[in-house]
Amino acid sequence: MKWCATIGSVLEVRPAHDDDRLPLARIFAAVAAERDGIATEPPVDVEARAAAWNLEETIVAVEDSAVVGAIHVDMSRHGFGEIGMEVAHEWRGRGVGTALMAAAVELARERGLHKLILSVWPHNEAAIALYRKFGFVEEGRRVKLYRRRSGELWDTVEMGLLL
């Protein structure tokens, strides 16, 4: 695919393969354990998550054969795609999210989508800055949408990008 890329000499961005299932699920579980980046909270059944992963719409960032991040574009039959992304903690701030987002936008255009959407916690300023860098705009806010295990109710910021 056109959006496969190597960044520097160590990071490769490519479509996910079957061998990526378990590493993808492990990164997902690790990000969930942080409790502030994605909606899922622990415990995560890593084996079940690995088995159920939709690889067709997933792009991975790989360093020295280890998956360090992933982005998934859930493509709707209505012409838009919804993005979900996880980057291993130690790889944040090093261009992995930028590389994954660029690949996702390219994939969406290749697949003929007219729009990408995503939800992000309002406190996730680094993610919001990344999305804005790619032209995403805030389209609304869902107030007290997610009930966290702590009992707190969290808002989401809804963002979109017309392609």
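Couple of notes before you dig in:
- Scan of the range 126-163 for residues that are out of contact with any strand residue (DSSP E or B) (no Cβ under 8 Å at 6 or more places or on another chain) and closer than 25 Å to residue 41 by Cβ, ordered by number: 126, 129, 130, 149, 150, 151, 152
- Filter result (of a type in the set (A, V, I, L, M) and surrounded by fewer than 17 Cβ atoms within 10 Å (Cβ to Cβ)) within the range 148-162: 153, 162
- Among the strands (runs of 3 or more DSSP E) confined to the range 82-162, the ones with at least 1 residues that are over 22 Å from residue 24 (Cα atoms) and among the hydroxyl-bearing types (Ser, Thr, Tyr) are located at 137-147, 153-162.
- Filter pass, residue 37 being at positive phi and either of a type in the set (S, T, N, Q) or in a loop (DSSP other than H, G, I, E, B) (or both): no
- Evaluating residue 84 against the criteria (1) without any contact (Cβ under 8 Å) to a residue 12 or more places away in the chain; (2) of a type in the set (Gly, Ala, Ser); (3) surrounded by 14 or more Cβ atoms within 10 Å (Cβ to Cβ) leaves one unmet condition, (1).
- Close pairs (6 angstrom Cβ cut-off, 6 or more residues apart or separate chains): surrounded by 13 or more Cβ atoms within 10 Å (Cβ to Cβ) in the range 106-133, assigned to a helix (DSSP H, G or I) and not β-branched (Val, Ile, Thr) anywhere: 116/108; 120/127; 130/97
- Flag if residue 108 is within 23 Å of residue 156 (Cβ to Cβ) and at pLDDT 95 or above: yes
- Yes/no for residue 33 being in contact with a Pro (Cβ under 9 Å, 6 or more places away or on another chain), surrounded by fewer than 17 Cβ atoms within 10 Å (Cβ to Cβ) and either aliphatic (A, V, I, L, M) or at pLDDT below 95 (or both): yes
- The range 134-163: number of residues that are among the hydrophobic types (A, V, I, L, M, F, W, C) and without any contact (Cβ under 8 Å) to a residue 24 or more places away in the chain: 3
The values are calculated or read from the model by the stated rules, or taken from the named source; none is laboratory data. Remember, predicted model here, so these are calculated numbers, not experimental data. We place every Cβ from the backbone using ideal geometry, glycine too, and count neighbours over all the protein chains shown.
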